[in-house]
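For reference, the structure discussed in these notes is given below.
The values are calculated or read from the model by the stated rules, or taken from the named source; none is laboratory data. Just so it is clear, the model here is predicted, and its values are computed rather than measured. Positions of Cβ are backbone-derived with ideal geometry, glycine not excepted, and every protein chain shown enters the neighbour counts.
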Amino acid sequence: MAQVTVWYDGGCPLCVREIALMRRLDRRERIEWVDVADGSSACPIDRGALLARFHAREDGVMRSGAAAFAAMWRAIPAMRPLGLIARAPGVLPVLEAAYVRFLRIRPRLQKWMRER
């Protein structure tokens, strides 16, 4: 039974690659994967917000950005240590700052990936 729900942008080549890797690591199927790119999936929040930032629901709590990545990592045994480290004081703000920087260059990376 899924412990975490992850909403991802299936139209983003970067996202698709990362989610493919995470799916392979999710051998115990603890994550429910929801592609929001095609618009056919029910969205718990605004679809545009789900496409703009990474979101996950863990223990009934909706998480966004680095906190969502940490929730996903905690659900995957091989990645769990990273997710637990993210709970240490001061770590999540650093991860969030890195994620925000990544979001600024994401469109260029997506374009580059599509051209390859």
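Here are some notes:
- Per-region count, region 1-29, residues among the basic types (Lys, Arg) and more than 12 Å from the chain's Cα centre (by Cα): 3
- Residues within region 65-116 that are touching a helix residue (DSSP H, G or I) at 6+ places or on another chain (Cβ under 8 Å) and over 21 Å from Val6 (Cβ atoms), tallied: 1
- Residues of region 1-33 satisfying the condition of being over 21 Å from Lys111 (Cα atoms) and part of a loop (DSSP other than H, G, I, E, B): Met1, Ala2, Gln3, Asp26, Arg27, Arg28, Glu29, Arg30
- Residue count, region 4-31 (criterion: surrounded by 15 or more Cβ atoms within 10 Å (Cβ to Cβ) and over 16 Å from Met113 (Cα atoms)): 10
- Residue within region 40-48 that is modelled with pLDDT under 90 and assigned to a helix (DSSP H, G or I) present: yes
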